[in-house]
Amino acid sequence: MTYHQLGIVAQERRDFAAAEDWYRQSLAIKERQGSEHSAASTYGQLGSLALERRDFAAAEDWYRKALAIFERQGDEHGAAMTYHQLGRVAEERRDFAAAEGWYRKSLAIFERVGNEHSAAIARGSLERLDALRQAGDGGTS
């Protein structure tokens, strides 16, 4: 947990190399101990780090690893958050159709479980996509 937190601090400081090192140390321990859910959290953090670095392929890979665990364990909140992050990756890639699909999956869960704050964020992401499409931003639709 401490390595993971040090990774967050380094990421906040935009020291991405140090953040990745801390996250990987945390991940090695979590995987060795068989703590899948904790590992999924670190996979997600590595995805966020890759997204900040604009390494979209790596971000998607990390998020998909996290998503597989959340879905297998029935963690709807973790899955919904990861769907949203995959939407962000697709949006950054200008694949608006894929982004919309991911955002809608996250929104459906947030609405079903009554998480209005996260649902509002998902709705805002969908509205932003619509505005980008209307502006003719060249995204895949």
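The residue list Arg123, Arg128 contains one member that is out of contact with any helix residue (DSSP H, G or I) (no Cβ under 7 Å at 6 or more places or on another chain) and surrounded by 13 or more Cβ atoms within 10 Å (Cβ to Cβ), which is Arg128.
Listed by first and then second residue, the pairs linking a residue in segment 66-77 that is under 13 Å from Lys105 (Cα atoms) to a residue that is in a helix (DSSP H, G or I), with Cβ atoms under 7 Å apart and 6 or more places separating them unless they lie on different chains, are Leu67/Ala79; Leu67/Thr82; Glu71/Ala79; Glu76/Ile109; Glu76/Val113.
Taking the listed residues Arg88, Arg133, Arg64, the one that is at pLDDT below 95 and either of a type outside the set (Lys, Arg) or part of a helix (DSSP H, G or I) (or both) is Arg133, with no other qualifying. For Arg54, the requirement of being assigned to a helix (DSSP H, G or I) and of a type in the set (D, E, K, R) is not met. Consider Glu92 carefully, then state whether it is under 21 Å from Phe16 (Cα atoms), acidic (Asp, Glu) and in contact with a helix residue (DSSP H, G or I) (Cβ under 9 Å, 6 or more places away or on another chain). Spelling it out, Glu92 is indeed under 21 Å from Phe16 (Cα atoms), acidic (Asp, Glu) and in contact with a helix residue (DSSP H, G or I) (Cβ under 9 Å, 6 or more places away or on another chain). Would you check which residues across segment 94-107 are out of contact with any strand residue (DSSP E or B) (no Cβ under 7 Å at 6 or more places or on another chain) and in contact (Cβ under 8 Å) with a residue 24 or more places away in the chain and list them? Ala98, Ala99, Glu100, Tyr103, Lys105, Ser106, listed by residue number. Counting the residues of segment 72-94 that are out of contact with any Gly (no Cβ under 7 Å at 6 or more places or on another chain), of a type outside the set (A, V, I, L, M) and surrounded by 15 or more Cβ atoms within 10 Å (Cβ to Cβ) gives 9.
The values are calculated or read from the model by the stated rules, or taken from the named source; none is laboratory data. What you see is a predicted model; the values in this text were computed from it and never measured. Please note: Cβ atoms are built from the backbone with ideal geometry, for glycine as well, and neighbour counts cover all protein chains shown.
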